[in-house]
1. Have a look at Arg74, Arg34, Arg218 and tell me which one the Gaussian network model of the chain (Cα, springs below 10 Å) gives the largest fluctuation.
2. What does a probe at Ile212 reach in segment 167-183, counting residues whose amide N is under 15 Å from the point 7 Å along Cα→Cβ?
3. Exposure proxy check: Phe231, Phe178 ranked by fewest other beta carbons within 10 Å?
4. Using the charge dipole of the chain (Lys, Arg: +1 at Cβ; Asp, Glu: -1 at Cβ; taken about the Cα centre), state which of Ile7, Tyr228, Gly188 has its Cα farthest towards the positive end.
5. Straight-line reach from Lys209: which aspartates and glutamates have Cα under 14 Å away, leaving out those fewer than 8 places along the same chain?
6. For each of Leu222, Leu158, Leu233, Leu110, count neighbouring Cβ atoms within 10 Å of the residue's Cβ, then give the residues from fewest to most.
7. List, in the order given, every pair from Lys2/Lys204; Lys47/Lys148; Lys62/Lys204; Lys95/Lys235; Lys62/Lys197; Lys90/Lys217 whose Cα-Cα distance in the structure shown is over 25 Å.
8. For Leu66 and Lys227, what is the calculated FRET efficiency with R₀ set at 41 Å and r taken between the beta-carbons, to the nearest 0.05?
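Throughout, read-outs are computed from the coordinates displayed, never taken from laboratory work. Note that the coordinates shown come from a computational prediction; the quantities given were computed from them, not determined experimentally. Cβ coordinates were reconstructed from backbone atoms using ideal geometry, including for glycine residues, and neighbour counts include every protein chain displayed.
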Amino acid sequence: MKKIIIIGASSGIGKELALLYLQQGATVAALARRTRSLEELCETNPKYLYLTADITDYSQTKEAILSLRARLGRIDMAIICAGTGELNPKLDFEKEAPTLQTNVCGWTHLIDLLYNIFEEQKGGHIAAITSLGGLRGEPAAPAYSASKAYQINYLEGLQKKAFRSRLPLYISDIRPGFVDTAMAKGEGLFWVMPADKVAAQIFKALQRKQRIAVVTKRYRPLAYLLKYLPFTLYKRL
Ligand SMILES: NC(=O)c1ccc[n+]([C@@H]2O[C@H](COP(=O)([O-])OP(=O)(O)OC[C@H]3O[C@@H](n4cnc5c(N)ncnc54)[C@H](OP(=O)(O)O)[C@@H]3O)[C@@H](O)[C@H]2O)c1
């Protein structure tokens, strides 16, 4: 049965994914900063383990991942859900910095670490939750959308690297629209999807080892439109 690490599993999409994989009989190792929230799944799930780690703390994260690897042996899949972002219409750098430290630096350190482990074990599946927000620049949260664009681009680089390695290494880029979690901030949100429904669609996409998945399905036409809409129109939205 599968062994899965979920980073950012203390709430929202990551927690729902942890529950789904546990229901399927997988062993799930969860990482995040909030130990209390991670503990909640322990009582009813003997195949669940967790470690506290802040992905912006590189040595703590490395220690946690290596210790999980030692405990689990071969890891079949790692799902990176950890992320943050603030609305920042006034361009206050104090608000941008944690987004960059988490979604760019911590995230890169983590995915490099995971990729190297999977390459060494000659296979595996890495998935990262990016965002539809990474497809275009967004003035209300510019660092967030830019950080998600970075992740999307980075994942494409890893997909090419995995292809060239000729190993059974799969990299999935999961792009949600709005999801009903603490991360959905601001006015004028629409089609805000329940986290369990989003997790169920992510689960299916990962079973198919999809390279890119837009979730939920209703966001697919919008994703296409967002990607190709000329800036002269996009700036007026
Ligand atoms: N909600 C949306 O509308 C939406 C839309 C598109 C994409 N996304 C993306 O989906 C992912 C999951 O977010 P969510 O919506 O499920 O929100 P969430 O409930 O706030 O989940 C965020 C998760 O990231 C973890 N995390 C944040 N900073 C971390 C750090 N420095 N180290 C370790 N873990 C950290 C949090 O755990 P701790 O706080 O316990 O560390 C939590 O488990 C994020 O990458 C987000 O950008 C969300």
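1. Arg218
2. Answer for segment 167-183: 171-177.
3. Details: Phe231 9, Phe178 20.
So the residues, fewest neighbours to most, are Phe231, Phe178.
4. Positive-end residue among those listed: Tyr228.
5. Candidates past the 8-residue exclusion: Asp76, Asp173.
6. Values: Leu222 15, Leu158 18, Leu233 9, Leu110 27.
If I rank by nearby Cβ atoms, fewest first, I get Leu233, Leu222, Leu158, Leu110.
7. Details: Lys2/Lys204 15 Å; Lys47/Lys148 32 Å; Lys62/Lys204 29 Å; Lys95/Lys235 23 Å; Lys62/Lys197 31 Å; Lys90/Lys217 33 Å.
Violating the 25 Å limit, Cα to Cα: Lys47/Lys148; Lys62/Lys204; Lys62/Lys197; Lys90/Lys217.
8. Working: r = 38 Å, r/R0 = 0.92.
With a Förster radius of 41 Å, E is 0.60.
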